[in-house]
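**Student:** Let me begin by handing over the structure; questions about it come next.
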Amino acid sequence: MTNDAQYDGPAWEQISELPSIVVEGVDLDLVDLCQRGLTGSGFQLTENGLAQLGGKPAFVIRDIEATPLLLGRMEGAMASTETLRPVEPELTAGEPADLAVVVKGLPSHADLARVDVLMHHDMRVSWLVLAGRTRSGRELVAQIQSVADAQPKAEHTVVRVPWPGDADGDVLRRPVLPEPAAVAQAFGALHHVTVGDGDGAGPSTQDRGGTVVFFTGLSGSGKSTLAKALRDAVEARSDRPVNLLDGDDVRRMLSAGLGFDEAGRAANVRRVSWVAALLAGNGAIAITALIAPFADIRAEARTMASNLNADFLEVWVSTPIEECERRDRKGLYALARAGQIPNFTGIDSPYQAPTHADLVIDTSTTSMTDAVEVVFAELEARAVRRGTDALTRTSGSHLYQGPSYDI
């Protein structure tokens, strides 16, 4: 059905003489989609709908308050329509959105990471929630409103797009529903991303339970020690393959020749993140320990994992710089403050503290054993939520014994 079809039937004063079909619920969502031109060139009535016509070719579709919504005419087995009154006020008023987030269900962490990469602060974002007039539909809209409210970037609007379930309505048969791109365009956005359907941005593969554990923090924060202790814990308590990609080791092999300027450090993080994503995409627990001072590069690392259908756990080791300097057995901070080591993070090169890290651990107030327990418990909980094999094979304590802060 389409709202472009011209109806040559009775005038307004004759509408009361036409048979009426009252719609609600799923049928009302279908009428709403029809009025927005999103359901093709026609629609079919169910047996119940046809019975209400009494053999008449022309009819009026009304809501339960008797508001006339559509004029219809049967043309064989199909009905063409003309809009009389919109089901809901026009939702695309004002300037069009720069980005539409088409929501099929509650978005995953990876979904939100993809959206975050696409957003910037002066952008208009419309969250188009495909939801019916049901309790679960209302709950999804409320959940997405909370998600949008929590976003630090952009200007956000949440819109419920009428969306029927898999079954026919009482009156109207369910047509072929539009693709996300058509929905986004109908609501005034040329660019879109789809979330909540489990597809991800890359190849659709089975979830093998792999995870990138991405430790970030200042030099001397304890991230390398924590990463090594977590690797030992996973090896001792799980059959899941585990790989540790520590910053110093990778520098000697994967990133030999790169400098320590901003471009060189960014390239190093990208290389490590790509290898970690490949490992996690094949079911491993890939652990990285990098300073990774810039937010945009950390976001790229998250996207790489998402694109390969791997989970991503960002752990900010937030140990204060004063404690990091106190632990500095190599004297690197002192050399940096004396100007002998340029571009040293925390001294003359910035560290952009994560604003949406999955876990935040300060090793000046949390013991290493407790910190490992926190990260391992999160990995275990994520494995259970995804329905993959749980990590834990045997019980027992972690292998880490005592402090040993690597820088």
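**Student:** Could you give every pair whose Cβ atoms fall below 9 Å, whose first residue belongs to segment 116-135 and is closer than 17 Å to VAL158 by Cβ, and whose second residue is in a strand (DSSP E or B) and acidic (Asp, Glu), counting only separations of at least 6 or pairs across chains?
**Tutor:** MET123/GLU155; ARG124/GLU155; VAL125/GLU155
**Student:** Does GLU90 satisfy the criteria of being in contact with a Leu (Cβ under 6 Å, 6 or more places away or on another chain), modelled with pLDDT under 85 and not in a helix (DSSP H, G or I)?
**Tutor:** Against the criterion (in contact with a Leu (Cβ under 6 Å, 6 or more places away or on another chain), modelled with pLDDT under 85 and not in a helix (DSSP H, G or I)), GLU90 does not qualify.
**Student:** Please find, among THR388, THR365, THR394, the residue that is among the β-branched types (Val, Ile, Thr) and modelled with pLDDT of 80 or more.
**Tutor:** Within the list THR388, THR365, THR394, the selection yields THR365.
**Student:** Residues ALA186, ALA201: which one is at pLDDT below 85, more than 30 Å from SER349 (Cα to Cα) and touching a Leu at 6+ places or on another chain (Cβ under 7 Å)?
**Tutor:** ALA186
**Student:** Here are the criteria: (1) assigned to a loop (DSSP other than H, G, I, E, B); (2) not assigned by TED's automatic domain parsing to the domain that holds HIS120. Tell me which single one LEU30 does not satisfy.
**Tutor:** All conditions pass for LEU30, except number (1).
**Student:** Let me ask something else about it. Mind checking which residues of segment 135-163 are surrounded by fewer than 20 Cβ atoms within 10 Å (Cβ to Cβ) and closer than 19 Å to THR39 by Cβ?
**Tutor:** If the condition is that a residue be surrounded by fewer than 20 Cβ atoms within 10 Å (Cβ to Cβ) and closer than 19 Å to THR39 by Cβ, then GLY137, VAL159 are the ones that fit.
**Student:** Right, here's the next one. Looking at (1) at pLDDT 95 or above; (2) crowded, with 22+ Cβ neighbours inside 10 Å, can you tell me which one PRO320 breaks?
**Tutor:** Every listed condition holds for PRO320 apart from (2).
**Student:** Sticking with this structure for a sec: Going through GLU300, GLU314 one at a time, which residue ends up being part of a strand (DSSP E or B), charged (D, E, K, R) and in contact (Cβ under 8 Å) with a residue 24 or more places away in the chain?
**Tutor:** Just a single option satisfies the conditions, and that option is GLU314.
The values are calculated or read from the model by the stated rules, or taken from the named source; none is laboratory data. Please read all numbers here as calculations on a predicted model, not as lab measurements. We place every Cβ from the backbone using ideal geometry, glycine too, and count neighbours over all the protein chains shown.
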